[in-house]
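Notes follow once the structure below has been shown.
The values are calculated or read from the model by the stated rules, or taken from the named source; none is laboratory data. None of these values were measured; they are calculated from a predicted model. Neighbour counts are summed over all protein chains in view; Cβ atoms, including those assigned to glycine, are modelled from backbone coordinates with ideal geometry. What goes into the accessible areas is simple: the full protein's heavy atoms, side chains included, and nothing from ligands, DNA or RNA. Shrake-Rupley method; radii C 1.70, N 1.55, O 1.52, S 1.80 Å.
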Amino acid sequence: MWNTVNEQISQAMHFDFKHTNKRQLQSTSSDMLFKISDGTHSFLVKVAHRNNLERFENDAYNLNLLTKESMFMVPDCITTGSNIEYSFIALEWLTLDQQPHTNWHIMGQHLAHLHLKHQQAMFGFDHDNFIGATAQPNRWHKKWDVFFAEERIGWQLQLLHEKGIELVDHNYFVGLIKSMLHSHIVSPSLLHGDFWRGNLGFIHSIPSVFNASCYYGDREVDIAMSELFAPLPEAFYIAYNKHYPLASGYEQRKKIYQLYPILNHANVFAGHYLTEAKQQIE
């Protein structure tokens, strides 16, 4: 496989690349992560089973879109590919600044700048993609309450149902989510879609994002996600609200939006996430 990686990087970068150093990195997902280098140029390579090529291609699409639409420092996708056994994505190697960082207010400004663009009239995306390794449907909808209830909460409940897990009556709960979001007026924003501390950083003090799960939806989804696992420093939220104040009722909607990643964790990891999902539903 590594010959294929070297060849495709060479074609994409227009110089002959052959790595002389390969180091496996710690990974929080099922993907294997490597830093490869020829002593001059370095790349991050994610490796997974061959059937993950579509997911890596989606990752590349999302990163390219965020590069065009946002002020964030986003790693360039060099190439994606596969052989008979593995698929891979090679990314620009970016060295993140050491934490803690003092520029979280700029991170908040950059996210507000992205969310303030309302160029899309509907909710969804041009194609389905993934959140982590889980498929994420993105059929276009005119109504936000219908999109989030069906394409996000209903979808995750269906995945659990297929595993024999019933946390709540599917039809009742999807209808409840629609009713709770129905009066919330939303203009579609391009979302990062998996906006939490593990997918954020700084490069020479410039805010950076990666591992995106983009679609057009309610901007509050990104904010709610950022508060779920490891809330960001207060300076981030102050700066965001200064540039694009959150609407009244956000604290109630936040619980609805946070249910989606909790359900996804329940699908992927089961265990205590199933209990947490049940509690959030109740």
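Table for the structure above
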item: Too-long pairs where the Cα-Cα distance tops 18 Å, listed order kept, from K117/K242; K143/K255; K142/K255; result: K143/K255; K142/K255
item: Full-extension gain in nm, I203 to H170, via 0.36 nm per residue minus C-alpha separation; result: 7.5 nm
item: The chain - mean residue ellipticity at 222 nm from DSSP helices (-39,500 (n - 2.57) per run, n ≥ 4, rounded to 500); result: -12500 deg cm²/dmol
item: Gained length - S248 relative to H272, 0.36 nm times residue gap less alpha-carbon distance; result: 5.5 nm
item: Label-point separation in nm, I238 to T134, each point 7 Å along Cα→Cβ; result: 3.4
item: Where region 1-143 is the region considered: accessible area per residue in Å², 1.4 Å probe; result: 54
item: Dipole magnitude of region 172-282 about its Cα centre (Cβ charges: Lys, Arg +1; Asp, Glu -1), debye to nearest 20; result: 120
item: Cleavage-rule hits (chymotrypsin sites (Phe, Trp or Tyr not before Pro)) in region 128-218: DSSP loop, at most 16 neighbouring Cβ within 10 angstrom; result: W140
item: In region 1-106, the trypsin sites (Lys or Arg not before Pro) that fall in loop regions by DSSP, at most 16 other Cβ within 10 Å; result: K18
item: Nitroxide proxy distance, nm - points 7 Å out along Cα→Cβ at T20 and K68; result: 3.8
item: Test item: Cα-centred dipole of the chain, Lys/Arg +1 and Asp/Glu -1 on Cβ, debye; result: 240
item: The chain: antiparallel DSSP beta bridges as a percent of all, rounded to 5; result: 95
item: Eligible aspartates and glutamates near K254 by straight Cα distance, threshold 20 Å, same-chain separation 8 or greater; result: D145, E150, E151, D194, D218, E220, D222, E227, E234, E276, E282
item: Axial C-alpha extent at least 15 Å, average Kyte-Doolittle at least -0.5 - helices from the chain (DSSP); result: 104-115, 170-181
item: Low-density loop cleavage sites - GluC sites (Glu not before Pro) in region 1-90, where at most 11 other Cβ are within 10 Å (DSSP); result: E85
